[in-house]
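Q: I am attaching a structure below and will ask some questions about it afterwards.
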Amino acid sequence: MARSELYEKGIALRSELMGEAFTERMNQSTYDDPIMQKFRDVAAETVFGALWTRPGLDLKTRTLICVITDATM
């Protein structure tokens, strides 16, 4: 996968939200499986890169929305 600007932003934000240790463990475990590697890369670019870094809401508000939405499911 080509490393786009959204991918790089997504990787940085995922590390900020989940911590470096979690991100490193995830990278090590998913690199063994090519399907999971692709899934991880797509999630980093679309979810974290495109959705979570777009302008309009601060990180705290986005997190609160996700928690509330998840709790209501």
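Q: Roughly what angle does helix 20-30 make with the longest principal axis of the chain, taking Cα atoms, 0 to 90 degrees, to the nearest 10?
A: It is inclined by approximately 50 degrees.
Q: Place +1 on the Cβ of every Lys and Arg and -1 on the Cβ of every Asp and Glu in the range 5-71, take the dipole about the Cα centre, and give the residue among S15, V42, V67 whose Cα lies farthest towards its positive end.
A: Among S15, V42, V67, the one farthest towards the positive end of the dipole of the range 5-71 is V67.
Q: Any idea what angle helix 5-18 forms with the longest principal axis of the chain, computed on alpha-carbon atoms, 0 to 90 degrees, nearest 10?
A: On a 0 to 90 degree scale, this one is about 70.
Q: Carbon and sulfur atoms: what percent of the 1.4 Å accessible area of the range 5-71 do they account for?
A: 64
Q: For Cα pairs less than 8 Å apart in space and 6+ apart in sequence, what is the mean separation divided by the residue count of the chain, i.e. the relative contact order in percent?
A: 44
Q: Accessible area per residue, 1.4 Å probe, Å², for the chain: what's the number?
A: Heavy-atom accessible area per residue stands at 72 Å².
Q: Working from Cα positions, state the angle (0 to 90°, nearest 10) between the long axis of helix 34-43 and the longest principal axis of the chain.
A: 30
Q: Take the Cα gyration tensor of the chain, multiply each eigenvalue by 5, square-root it, and list the three semi-axes largest first, rounded to whole angstrom.
A: That gives 22, 15, 12 Å for the three semi-axes.
The values are calculated or read from the model by the stated rules, or taken from the named source; none is laboratory data. None of these values were measured; they are calculated from a predicted model. Positions of Cβ are generated from backbone atoms using ideal geometry, with glycine treated the same way; all protein chains shown enter the neighbour counts. The protein model used for the area step is the full one, side chains on, heavy atoms only, and it has no ligands, DNA or RNA in it. Shrake-Rupley method; radii C 1.70, N 1.55, O 1.52, S 1.80 Å.
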